[in-house]
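The values are calculated or read from the model by the stated rules, or taken from the named source; none is laboratory data. As the structure is a prediction and not an experimental result, all values here were calculated from the model. Counting neighbours? That spans all protein chains shown, and the Cβs are built from the backbone with ideal geometry, glycine included.
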Amino acid sequence: MSNRLYPLKFEPIYQYRPWGGRQLAHFLSKPLPKNEPIGEAWLLSDREDCASIVLDGSLKGYTLTDVLKDFPEEIMGKVFTSGNRFPLLLKFLDCKEILSVQVHPSDNQKELIPKGDTGKTEAWVVLETGKDSRIYAGLHKGTTKKNLLESIQDKSISDRLHSFVPKAGDAVLIQSGTVHALKATVVFEVQENSDTTFKLYDWDRIDAKTNKPRDLQIEKALACIDFTKTEIGTVTPIDDAHDPNSKEQLIHCPQFVVWRTRSTRPFLVGRSGELRILVCIDGKANLKNHTNDYPFHTGEVILLPANLGTCSIEPIEKATVLEIGIPAYMKEIIL
């Protein structure tokens, strides 16, 4: 394997979901599998059963797992422990139909988490909406375990869910323990590297592949719900008054920090000694690293290893780019 690192692109991994659609073709150049609903594109994944593959350069064909094993400190920075999994999982979601009503455990609820997995806090950035779009985030005040269970049994659970109509550009933080769902919306999702989801309700859906309803995990879901998480709304971005390129902080939580830059002019990304992940969610640009240029288009993800330092993004007309950092591997949070 080469000992020289560079900005790493990865091939998206498509996932069948019974609630999915075909809208991800608008955001990704890789053709969708034919004749089935695609609900997720995993953009950056370090999971044993689904690891992202480097798309080009001297490391083409290697998985993120391989690269982390060979270059742990160069990619993650000095505080990373060799042998650990990459801590985040990045996706696009196309929720043509409504998701199951679901919840994820926290990192502290180890009795509910399969061995080797973690809890899951996640965040969404809305990319595309339709006439039926809706985000469900949190419970109405006064909801208890008893009346929530009753609403599942009599199929009135939607009356217990706080919801709102999203618009493109909205960002929402879904902390572990928050009951949530999505409908008729395309989002970018950043989450802890976990696949632990407990479904409370699935709208009497029949999975076309199995011709059966999907399994529910009502008891475990009820055990990990935080009933104080009520009526979650969109976040208020924090603008950087010193940055002329409209850089704003969307999300800041212990698991990740997300910044968004919308610009027609060149701007800087990355920071010396720190891993950063870039996601182009609109437009086209070139990423410049020293003397090399890398095309960067809508739907693409670039991992900037910690040892690369600062890079420049030069939009072609206009580009919107998300930049993601991981607080555990950052010296300090700087907007």
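For the range 228-243, the criterion of being of a type in the set (Gly, Ala, Ser) and more than 30 Å from His140 (Cα to Cα) is met by at least one residue. Tell me yes or no: at least one residue of the range 147-161 is among the hydroxyl-bearing types (Ser, Thr, Tyr), within 21 Å of Glu219 (Cα to Cα) and either touching a residue at least 12 places away in the same chain (Cβ under 8 Å) or touching a Phe, Trp or Tyr at 6+ places or on another chain (Cβ under 9 Å) (or both). Within the range 147-161, one or more residues are among the hydroxyl-bearing types (Ser, Thr, Tyr), within 21 Å of Glu219 (Cα to Cα) and either touching a residue at least 12 places away in the same chain (Cβ under 8 Å) or touching a Phe, Trp or Tyr at 6+ places or on another chain (Cβ under 9 Å) (or both). Name every residue in the range 1-58 that is touching a strand residue (DSSP E or B) at 6+ places or on another chain (Cβ under 8 Å), modelled with pLDDT under 95 and among the polar types (S, T, N, Q), in order of residue number. Correct list: Ser29 only. For the range 71-98, taking the residues that are in a strand (DSSP E or B) and charged (D, E, K, R), the one that is farthest from Pro18 (Cα to Cα) is identified as Lys91.
Checked against (1) crowded, with 22+ Cβ neighbours inside 10 Å; (2) in contact (Cβ under 8 Å) with a residue 60 or more places away in the chain; (3) in contact with a Phe, Trp or Tyr (Cβ under 7 Å, 6 or more places away or on another chain); (4) hydrophobic (A, V, I, L, M, F, W, C), Ile135 passes all but condition (2). Listed by first and then second residue, the pairs linking a residue in the range 165-176 that is on the phi > 0 side of the Ramachandran plot to a residue that is assigned to a strand (DSSP E or B), with Cβ atoms under 8 Å apart and 6 or more places separating them unless they lie on different chains, are Gly169/Val125; Gly169/Val126. Residues of the range 12-44 that are closer than 26 Å to Asn289 by Cα and crowded, with 18+ Cβ neighbours inside 10 Å: Pro12, Phe27, Leu28, Trp42, Leu43, Leu44. If we keep just the residues of the range 280-292 that are in a strand (DSSP E or B) and modelled with pLDDT under 95, which is farthest from Arg262 (Cα to Cα)? Ranking the qualifying residues of the range 280-292, first place goes to Asn292.
Quick one: is Ser194 polar (S, T, N, Q) and under 18 Å from Gly119 (Cβ atoms)? So Ser194 passes the test. For the range 174-205, taking the residues that are of a type in the set (Ser, Thr, Tyr) and within 18 Å of Ile135 (Cβ to Cβ), the one that is surrounded by the most Cβ atoms within 10 Å (Cβ to Cβ) is identified as Thr185.
Does Leu68 satisfy the condition of being modelled with pLDDT under 95, part of a helix (DSSP H, G or I), among the hydrophobic types (A, V, I, L, M, F, W, C) and on the phi < 0 side of the Ramachandran plot? Yes. I need the full set of residues from the range 81-125 which are among the hydrophobic types (A, V, I, L, M, F, W, C) and over 12 Å from Phe198 (Cβ atoms), in order please. Phe86, Leu88, Leu89, Leu90, Phe92, Leu93, Cys95, Ile98, Leu99, Ala123, Trp124, Val125, listed by residue number. Candidates in the range 109-124 are the residues that are part of a loop (DSSP other than H, G, I, E, B) and over 21 Å from the mean Cα position of the chain (by Cα); of these, the one that is surrounded by the most Cβ atoms within 10 Å (Cβ to Cβ) is Gln109.
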